[in-house]
Amino acid sequence: MSLTNRTKVVSQKRMSFLERLYLPAIFVGMGITLKHTFMKKATIRYPEVKRPFSDIYRGRHVLKRDEQGRERCTACGLCALACPAEAITMISAERKPGEEHLYREEKYAIVYEINMLRCIYCGLCESACPKEAIFLTQKIVDSEYHREGFIYGKDKLLEPVDKDKRIDVSKRQTPEVLNFKKLPNEKHNI
Amino acid sequence: MATVTIDGYTIEVEDGTTILEAARKIGGEIVPPTMCYYSKLKGSGGKCRTCLVKVAQTSAQNTRPMPKLVASCSTPVQDGMVVQNITSPEVLETRKAIVEFLLINHPLDCPVCDQAGECDLQDLSFKHGVDTSRFDEGKREFDIIDIGPYVKLHMNRCILCYRCVFTANQITNGRIHGVLYRGDASEISTFIKNSIDNDFSGNVIDVCPVGALTDKTFRFKSRVWFLKPMDAHRDCPTCSGKAVVWMHGDDIYRVTARKDQYHEVEDFICNTCRFEKKSTSDWVIEGPRKIMRTSIISVNHYDKEKQGSVINPVAKKIQKPAEK
């Protein structure tokens with residue numbers, strides 16, 4: 001009695017003499033191997049050769065600075081709220097007089113951490129950010145020996161002050177954002 | 001007693017009740033939003049114009065409509081009055097304009113502001129406003145003032161609702177801050193930067209519908225949606241001691257008064273409770289506070305909202321509009 005009607009009868013046919021030698025089958029297999037030796041390779045020699053990434057590839061994050069080198073992030077917490085993996089944490093602090101050249105707004109993130117093991121690179125933090133402070137880049141998160149190394153603080157996330165070393169994110173900005181930046185009365189994006 | 005119909009819902013209220021209070025008795029979607037009116041403060045209302053409604057029929061005797069939209073917070077009902085709020089396109093259009101006016105001088109620095117997430121102006125502009133601004137001119141700018149050791153005044157964000165002035169007049173004895181100058185130059189300030197040191201002065205933070213008056217002990221500490229609001233009480237000699245503590249783990253980040261569904265304070269609390277008792281041992285924690293599911297504070301808390309948990313005591317007296 002069978003539980004289903006999908007049973008199959010397996011044929012236990014006796015193999016012929018040639019089949020029992022196995023040699024023809026071995027040569028057929030070797031032939032396939034040889035054919036693949038001369039075919040175009042599916043792999044590349046990373047890291048000497050790198051594959052081109054899409055312009056909007058979502059790799060590790062960068063915290064942007066503005067034109068004058070001030071940190072854009074104001075620790076509003078919307079990225080952490082939008083993050084489905086809860087990878088982002090931050091502690092905010094108040095800007096003191098004399099620090100206007102370091103931080104754009106009167107509040108800034110004194111600690112900003114992304115746990116790269118938790119992050120799923122969905123880019124929701126990028127969409128949530130009202131200050132255009134966080135962007136995902138085409139860089140890949142480096143491998144580490146320990147878990148602690150994957151918790152990226154501001155030292156790893158923040159882009160350099162040096163203008164030549166800034167990370168270009170212009171291709172990631174949507175037409176809506178670029179249009180919005182042209183509006184004269186929206187001065188928060190200057 | 002007067003019978004009034006608001007958006008098709010008919011209710012009988014006492015003479016002298018305002019349209020807004022009658023609408024709140026009915027409850028639900030038809031309650032006009034308020035920015036300056038505060039039912040606990042005498043004389044408040046009539047300034048922000050967000051609660052404007054259309055009176056389609058003045059009374060049973062006078063069936064003509066009122067010529068202009070009226071502020072529902074300060075217009076008393078009359079017998080047989082027919083009011084339109086969300087059913088009138090004119091009211092909704094006007095409300096949109098009012099939001100635009102309120103935002104003219106508002107800096108929109110919500111990412112910085114501590115009130116973000118529980119701000120009445122944010123809710124109002126989300127629901128009734130437009131997402132672009134037509135205002136090209138410069139906004140008013142003021143310096144940030146310390147009002148006493150605990151309160152910070154960001155005059156840029158103020159919408160001049162006068163609630164804090166009424167609170168200081170009616171809840172505390174001896175008001176020090178008030179409105180200076182006139183018209184579009186008017187501003188909330190203290191006379192020569194005097195400090196408020198009254199026991200109940202911290203309540204101006206709770207009544208402020210925007211982030212103009214904020215708690216200095218909570219300044220930039222966290223965002224409201226990262227904290228867990230818990231009902232708590234303590235034995236306080238000066239106030240009722242019933243408050244909400246906003247916790248992160250075992251730490252109390254701030255203490256506020258309990259607010260009802262219209263964001264109005266139920267019991268005003270004293271400064272000792274609000275600013276100085278920030279240790280878990282000071283409070284008897286009752287349990288998590290019910291937060292509306294639409295609020296950003298409840299995001300990621302995955303609480304199932306109980307249906308019909310609020311029972312309207314006058315529900316039986318309300319006549320519902322006929323089904324179409």
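The values are calculated or read from the model by the stated rules, or taken from the named source; none is laboratory data. Since the structure is predicted, the reported quantities are computational estimates derived from the model, not experimental observations. Cβ sites come from the backbone with ideal geometry, for glycine too, and all protein chains shown count toward neighbours. For the accessible areas, the whole protein counts, side chains as well, though only heavy atoms, and no ligand, DNA or RNA atoms are used. Shrake-Rupley method; radii C 1.70, N 1.55, O 1.52, S 1.80 Å.
Some observations on this one:
- Restricting B:ILE296, B:ILE318, B:ILE291 to those that are modelled with pLDDT under 90, touching a Gly at 6+ places or on another chain (Cβ under 9 Å) and under 30 Å from A:GLU86 (Cα atoms) reduces the list to B:ILE296.
- Of all residues in region A:66-77 being among the hydrophobic types (A, V, I, L, M, F, W, C) and free of Cβ contacts under 8 Å to residues at least 60 places away in the same chain, the one that is farthest from the other protein chains (Cβ to nearest Cβ): A:ALA75
- The residue that is nearest to the chain's Cα centre (by Cα), counting only those in region A:114-136 that are outside any loop (DSSP other than H, G, I, E, B) and more than 14 Å from chain B (Cβ to nearest Cβ), is A:LEU136.
- Residue match in region B:187-198 (condition: part of a loop (DSSP other than H, G, I, E, B), of a type in the set (Val, Ile, Thr) and either touching a Gly at 6+ places or on another chain (Cβ under 8 Å) or open to solvent by 70 Å² or more (accessible area, probe 1.4 Å) (or both)): yes
- Pairs where the first residue, in region B:124-141, is within 12 Å of chain A (Cβ to nearest Cβ) and under 27 Å from B:PRO32 (Cβ atoms) and the second is assigned to a loop (DSSP other than H, G, I, E, B) and among the hydrophobic types (A, V, I, L, M, F, W, C), C-beta under 6 Å, 6+ apart: B:PHE135/B:ILE104
- Scan region B:76-90 for residues that are surrounded by fewer than 21 Cβ atoms within 10 Å (Cβ to Cβ) and touching a strand residue (DSSP E or B) at 6+ places or on another chain (Cβ under 7 Å) and the total you get is 7.
- Matching residues in region A:142-153 - criterion: being in contact (Cβ under 8 Å) with a residue 12 or more places away in the chain and farther than 20 Å from A:LEU81 by Cα: A:ARG147, A:PHE150
- The condition (being in a helix (DSSP H, G or I), facing chain B (nearest Cβ under 10 Å) and not polar (S, T, N, Q)) is satisfied by just one residue among A:ALA93, A:ALA80: A:ALA80.
- Among residues of region B:178-195 that are closer than 16 Å to B:TYR162 by Cα and modelled with pLDDT under 75, those with a Cβ under 6 angstrom from a residue that is open to solvent by less than 30 Å² (accessible area, probe 1.4 Å) and not basic (Lys, Arg), sequence gap 6+ or separate chain, pair up as B:THR190/B:ILE147; B:THR190/B:HIS177.
- Answer residue from region B:110-131, given it is in contact with an Asp or Glu (Cβ under 9 Å, 6 or more places away or on another chain) and over 16 Å from B:PRO209 (Cβ atoms) and is surrounded by the most Cβ atoms within 10 Å (Cβ to Cβ) among those: B:VAL112
- Selection status of A:GLY59, small (Gly, Ala, Ser), away from every other protein chain (no Cβ under 12 Å) and within 20 Å of B:PRO111 (Cβ to Cβ): no
- The lone exception for B:LYS221 - which of (1) farther than 27 Å from B:SER279 by Cα; (2) basic (Lys, Arg); (3) crowded, with 18+ Cβ neighbours inside 10 Å it fails: (1)
- B:GLY138 being part of a strand (DSSP E or B) and not assigned by TED's automatic domain parsing to the domain that holds B:SER39: no
Each row is one residue, and each column tells you yes or no for (1) facing another protein chain (nearest Cβ under 9 Å); (2) open to solvent by 30 Å² or more (accessible area, probe 1.4 Å); (3) in contact (Cβ under 8 Å) with a residue 40 or more places away in the chain.
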site	(1), (2), (3)
A:LYS64	no, no, yes
A:PRO84	no, yes, yes
A:GLY98	no, yes, no
A:HIS101	no, yes, no
A:GLU106	yes, yes, no
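- Checking region B:39-59 against the condition returns no match, with no residue being surrounded by fewer than 22 Cβ atoms within 10 Å (Cβ to Cβ), assigned to a helix (DSSP H, G or I) and outside the structural domain of B:ASP260 (by TED's automatic domain parsing).
- Residue within region A:34-49 that is acidic (Asp, Glu), farther than 22 Å from A:PRO160 by Cα and open to solvent by 60 Å² or more (accessible area, probe 1.4 Å) present: yes
- The single condition among (1) charged (D, E, K, R); (2) modelled with pLDDT of 90 or more; (3) in contact with a strand residue (DSSP E or B) (Cβ under 8 Å, 6 or more places away or on another chain) that B:GLU276 does not meet is (3).
- Candidates A:LYS156, A:LYS165, A:LYS139, filtered to the one that is open to solvent by 40 Å² or more (accessible area, probe 1.4 Å), in contact (Cβ under 8 Å) with a residue 12 or more places away in the chain and either more than 14 Å from chain B (Cβ to nearest Cβ) or small (Gly, Ala, Ser) (or both): A:LYS139
- Boolean, B:SER309 is modelled with pLDDT of 75 or more and outside the structural domain of B:GLY148 (by TED's automatic domain parsing): no
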